[in-house]
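Student: Encoded as structure tokens, here's the structure I'll be asking about.
Readers should treat all values here as calculations from the given coordinates under stated rules, not as data from a laboratory. Here the structure is a predicted model, which means the values were calculated and not measured. Methodologically, a virtual Cβ is constructed for each residue, glycine included, from the backbone with ideal geometry; neighbour enumeration extends over all protein chains shown.
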Amino acid sequence: MPSSVEEWVDEVSRFTHPDHIVWCDGSEAENDRLIDQMVSDGALIRLNEQSWPNCFLHRSNPQDVARTEHLTFICSENPEDAGPTNNWMSPAEAEERIRPLFDNAMRGRTMYVVPYIMGPVASPYAKVGVEITDSPYVVANMRIMTRMGKVALDRIKAGATDWVPGLHSLGDLSPDRRFIAHFPEKRTIWSVGSGYGGNALLGKKCYALRIASTMGRDQGWLAEHMLILGLESPEGDITYIAGAFPSACGKTNLAMLKSPLESEGWRVWTVGEDIAWINIGPDGRFWAINPESGYFGVAPGTNRKTNPNAMSAVSRNSIFTNVALTDDGNIWWEGMDGPIPSRLTDWQGNPWTPNTGTKAAHPNSRFTTPASQNPVISPHWEDPQGVPISAILFGGRRARTIPLVYRAFDWDHGVFLGATMASETTAAATGAVGVVRRDPMAMLPFCGYNMGDYWGHWLEMGRQAANPPAVFQVNWFRTDDQGRYIWPGFGENLRVLRWVRDQVRNGSSRAHETAVGLVPTPDAIGTNDLGISSDDAEALFDVNRDDWLREVEDQEVFLQKFGRHLPPTIRQQHQALQQRLSPVTV
Ligand code: GTP
Ligand code: SPV
Ligand code: MN
């Protein structure tokens, strides 16, 4: 690590050759200057001031619209430390292949030095990073997503030495010269060739997940791809629940859920919607902070019915990326409220009508919005010690096999559920969509070290904690024979949270034991009240033995990849599941 930020900036500018260097203070005046400059050079389009005050549209390069997992590398000295689920490149090879892509990359551009804090400023668990970038769009997004500028630089000046340097350049935006490289030993990040989301906002996936997960392994905590919510009951108590669902599988929506049972006293408060850093508190519980200060959320499907709180949050001071534009400066995406506009400009800037036959907004189009604008932000979202987690949900998109919700028997079984979870792929990453893949703890693209060792760390965290959370698997996406979602989802997911709370507070009532875990009794969720037929309700909770035997086989293929890094406990859990599905009688 460089000995000072100044020294590092100097060193980087000697090979990137920026025309100017700007140290970002995070002030409003600075942001206004950047925004004005981007509006005048076309990087941003100012939206209608009446309907979308202080909001902007950005169209990214059409080749740069999502995370590119095949171009994302863990550059540990030893390939085993990256493990079988990460792309690995040696630091020496990275020096040879990636470092030169930064040579002269900032000629004709301005270099921005962006100091930032991940975590509430007053939190002992917060950490500092500095991103060097040549993208003003990245700066504007980092200002929403992190505590950026003077507050962070002051912390470094005050002696914080463990700040993480992240070097980012747009390069030429070609996927052929794009790399997102992480050096876990040096706690450094290099990203070149992309200006998009998790590839470029280095505080998010690169630091708060990939680098932070390795810090957590070394220091005894967890960096997770999780939402954090507080569920308030009619009695007024709050149960904090964390949830790991893969990208575009419903974290933001669950975290901002508008309760259909508000009149009865049930409601949800958002602590975080994408990332959780979890430490064991003095009371032996898991305590979680949200390292971010904004939401980089999926736009399509967001509307007044599915997520009214998000619609309200994004209505001002927000940046929209790759959504469609109306003639009067409003925006639109698939699944927004109201009739489909008869004409639009699509996310690439082309004229669009409902007959065009393409999506007007990119499926991975996003909003960037300050967390503070969320109408249901938890009053505890910036508590320095975080909030105490009673339950962890693992979720994914599964058309078959996985019931709406079930509970793990104990911590080790819960870790096994996380380790073997799978989900259909989404537009959040480039590549095929809708393919079932194993995505342990929703961390497949985000774990900075060997996934087998990571499971070992999870198991160990449960041993260290006197009171680890109860673990559940959820699946909002089970379909019927016609391919329709059986479960209404969104706000109605409150009913699942209610059962989860009942489970953690009142034990195993209203559940029955199956081979895979504890499944709610038919009356426990309230499918009747929702008008779900008894056939559909049965399908929602069904544990089909044939489907599960296939599942177990597929898990086996996956687990084998980890060799000696597979914790024996995970192997035993897998055998126990197999045994429960096909009891061998002696
Ligand atoms: P990332 O930001 O990529 O990590 O995604 P996320 O996990 O926060 O997912 P998000 O809440 O943004 O939801 C992704 C997509 O799934 C959106 O189009 C949502 O409208 C849709 N979705 C979310 N929750 C539900 C649900 O309960 N049921 C159904 N059918 N769709 C949902
Ligand atoms: C995800 O893909 O999980 C996201 C979006 O949250 S991005 O920041 O682009 O990674
Ligand atoms: Mn995410």
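Student: Limiting things to C-alpha atoms, what are the Rg and the maximum Cα-Cα separation (Dmax) for segment 476-527, in angstroms?
Tutor: Rg, Dmax (Cα atoms, Å): 12.3, 38.
Student: Taking R0 as 35 Å, what's the FRET efficiency between Glu513 and His380 from their Cβ-Cβ distance, rounded to 0.05?
Tutor: According to the calculation, E is roughly 0.50.
Student: Next up: Whole number please: convex hull volume per residue of the Cα set in segment 297-391, in Å³?
Tutor: Dividing the Cα hull volume of segment 297-391 by its residues yields 124 Å³.
Student: What's the center-to-center distance, using Cα atoms, between segment 6-23 and segment 192-253 in Å?
Tutor: 31 Å
Student: With loop defined by DSSP as not H, G, I, E or B, and exposure as at most 14 other Cβ atoms within 10 Å, which is the longest segment of the chain clear of exposed GluC sites (Glu not before Pro)?
Tutor: 236-586
Student: Taking the Cα atoms of segment 434-481, what is the range of coordinates along each of the three principal axes, in descending order and whole Å?
Tutor: 45, 26, 12
Student: I've got another one for you. About the Cα centre of the chain, how large is the charge dipole given +1 on each Lys and Arg Cβ and -1 on each Asp and Glu Cβ? Please answer in debye to the nearest 20.
Tutor: That gives a dipole near 120 debye.
Student: For the chain, what is the mean residue ellipticity at 222 nm derived from helices alone (per DSSP H run of n ≥ 4: -39500 (n - 2.57); sum divided by total residues; nearest 500 deg cm²/dmol)?
Tutor: Value at 222 nm, helices only, nearest 500: -7500 deg cm²/dmol.
Student: Could you give the angle, 0 to 90 degrees to the nearest 10, between helix 568-581's Cα long axis and the longest principal axis of the Cα atoms of the chain?
Tutor: Approximately 40 degrees, to the nearest ten.
Student: Could you work out Rg/(2.2 N^0.38 Å) for the chain, with Rg from alpha carbons only?
Tutor: The chain yields a ratio of 0.94.
Student: Follow-up. Angle, helix 494-506 long axis vs. longest principal axis of the chain, Cα atoms, 0 to 90°, nearest 10?
Tutor: Computed tilt is about 60 degrees.
Student: DSSP loop trypsin sites (Lys or Arg not before Pro) in segment 124-213 with at most 15 other Cβ atoms within 10 Å of their Cβ, which ones?
Tutor: Those satisfying the criteria are Lys186.
Student: To continue, here is another question. To the nearest 20 Debye, how big is the dipole of segment 128-259 about its Cα centre, given +1 on the beta carbon of each Lys and Arg and -1 on that of each Asp and Glu?
Tutor: Dipole magnitude for segment 128-259 comes out near 300 debye.
Student: Using every alpha carbon pair in segment 395-546, what percent of pairs falls into each 10 Å bin from 0 up to the bin containing the largest distance?
Tutor: Result returned by the calculation: 10, 37, 35, 16, 2.
Student: Oh, and also: What's the percent breakdown of Cα-Cα distances in segment 153-192 across 10 Å bins, shortest bin first?
Tutor: Reading upward from the zero bin: 27, 37, 26, 10, 0.
Student: Going down the table (Lys205/Lys561; Lys127/Lys305; Lys127/Lys251; Lys127/Lys561; Lys305/Lys359; Lys186/Lys251), which pairs top 28 Å between alpha carbons?
Tutor: Numbers: Lys205/Lys561 24 Å; Lys127/Lys305 37 Å; Lys127/Lys251 23 Å; Lys127/Lys561 33 Å; Lys305/Lys359 21 Å; Lys186/Lys251 31 Å.
From Lys205/Lys561; Lys127/Lys305; Lys127/Lys251; Lys127/Lys561; Lys305/Lys359; Lys186/Lys251, over 28 Å: Lys127/Lys305; Lys127/Lys561; Lys186/Lys251.
Student: A further question on this structure: Set Lys and Arg Cβ to +1 and Asp and Glu Cβ to -1, take the dipole of the chain about its Cα centre, and tell me which of Ser390, Ile45, Ala208 lies farthest positive.
Tutor: My answer, from the dipole projection, is Ser390.
Student: How much of the pair distance distribution for segment 131-211 lies past 20 Å, counting alpha-carbon pairs only, in percent?
Tutor: When every Cα pair of segment 131-211 is considered, 31 percent fall beyond 20 Å.
Student: Further question on the same structure: Can you list the aspartates and glutamates whose alpha carbon is less than 16 Å from that of Lys150, not counting same-chain residues fewer than 8 positions off?
Tutor: Within the straight-line limit of under 16 Å, Lys150 reaches these aspartates and glutamates: Glu6, Asp25, Glu28, Glu30, Glu131.
Student: Any idea what angle helix 136-145 forms with the longest principal axis of the chain, computed on alpha-carbon atoms, 0 to 90 degrees, nearest 10?
Tutor: 40 degrees
Student: Binned at 5 Å from 0, what are the whole-percent values of the Cα-Cα distance distribution for segment 183-255, short to long?
Tutor: Taking every Cα pair in segment 183-255, the percentages come to 3, 14, 17, 19, 17, 13, 8, 5, 2, 1, 0.
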